[in-house]
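Notes to accompany the following structure.
The values are calculated or read from the model by the stated rules, or taken from the named source; none is laboratory data. Since this is a predicted model, take the numbers as computed values, not measurements. Heads up, the Cβs are rebuilt from the backbone with ideal geometry, glycines too, and the neighbour counts pull from every protein chain shown.
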Amino acid sequence: MAPPLFLDAGEAALVVEFGRTVDPAANDRVLALDAALAAMDLPGLRERVPTYRSLMIHYDPLVLSRADLVAAMEQALAVTAEMPAQPRHWIVPCCYDLPHGEDLEETAGHLGLTRDQAIAIHLTGRYRLYMYGFAPGYAYLGGLPPELAISRRAAPRPPHPPGAVMIGGGLCGIATFPMPTGWHVLGRTPERLYAPARAEAFLFRPGDMLRFEPVDAATFAALDARAEAGETVAQQEAAP
């Protein structure tokens with residue numbers, strides 16, 4: 001396994017890069033280092049930003065020198081290199097019925113599939129939450145079945161609703177806020193991935209594994225009301 005690269009990002013941030021490809025092993029190393037640094041509670045370390053294959057660390061160079069930060073990370077890496085990942089596994093309700101699966105028919109047609117085939121394939125996926133980005137709680141999920149690989153749109157489509165479950169660029173995503181998008185909306189989950197009033201504002205953690213469970217429009221409405229009241233409607237399950 002190649003050693004990580006330490007890359008400066010201005011005078012007050014450092015990026016630790018683990019390889020050039022997006023894969024679970026690289027992401028495991030990112031998350032292990034992130035957890036180790038959190039446990040160290042270094043003075044001057046302001047923020048940690050985990051991504052697919054790198055960890056960006058914002059720090060105060062007047063409190064914590066670059067050399068001391070690198071030394072702390074090398075110490076952490078020596079301990080975490082073989083640390084096994086312990087992801088949580090979730091069942092996430094998803095409604096593919098209209099109006100929630102508003103792009104499903106069109107997207108299935110582009111892929112040479114029927115609507116029901118596209119749903120069935122999407123449900124076989126075991127998705128890894130690699131990172132949040134773009135907006136609070138906006139989840140980037142790997143593990144999309146190759147039969148659903150489709151490019152993003154050439155131009156953004158009109159805003160989707162919160163909780164949109166989307167595909168594009170070989171990924172699956174779950175959005176938290178209405179916004180225009182180049183992704184293809186297959187369905188919608190009633191779960192709130194981001195709730196700032198909740199003790200743990202981000203429901204899923206990077207590294208967690210997700211699978212989708214289909215619900216009809218009436219069940220979606222009932223679950224949405226429960227989620228709006230603060231209940232967690234996604235369920236944890238034992239690792240397969």
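Descriptive notes on the structure:
- Residue pairs whose Cβ atoms lie under 7 Å apart, sitting 6 or more positions apart in sequence or on different chains, and linking a residue in segment 23-47 that is assigned by TED's automatic domain parsing to the domain that holds Leu141 to a partner that is surrounded by 14 or more Cβ atoms within 10 Å (Cβ to Cβ) and among the basic types (Lys, Arg), do not occur here.
- No other residue among Glu47, Glu74, Glu106 is in contact with a His (Cβ under 6 Å, 6 or more places away or on another chain) and over 30 Å from Gln235 (Cβ atoms) apart from Glu47.
- Condition check for Leu123: assigned to a loop (DSSP other than H, G, I, E, B) and over 23 Å from Tyr52 (Cβ atoms): no
- Candidate set: segment 102-120, residues that are touching a helix residue (DSSP H, G or I) at 6+ places or on another chain (Cβ under 8 Å) and closer than 23 Å to Leu193 by Cβ; chosen: the one surrounded by the most Cβ atoms within 10 Å (Cβ to Cβ): Ala118
- Scanning segment 160-183 for residues that are under 15 Å from Pro99 (Cβ atoms), assigned to a loop (DSSP other than H, G, I, E, B) and touching a Ser or Thr at 6+ places or on another chain (Cβ under 8 Å) yields His160, Pro162, Gly163.
- When every residue of segment 83-94 is checked against the conditions, none turns out to be in a loop (DSSP other than H, G, I, E, B), more than 25 Å from Pro24 (Cα to Cα), out of contact with any strand residue (DSSP E or B) (no Cβ under 9 Å at 6 or more places or on another chain) and not aromatic (Phe, Trp, Tyr).
- Test: residue in segment 198-206 that is of a type outside the set (A, V, I, L, M, F, W, C), on the phi < 0 side of the Ramachandran plot and either touching a Ser or Thr at 6+ places or on another chain (Cβ under 8 Å) or modelled with pLDDT of 95 or more (or both): no
- Hey, Leu77 under 23 Å from the mean Cα position of the chain (by Cα), surrounded by 13 or more Cβ atoms within 10 Å (Cβ to Cβ) and aliphatic (A, V, I, L, M) or not: no
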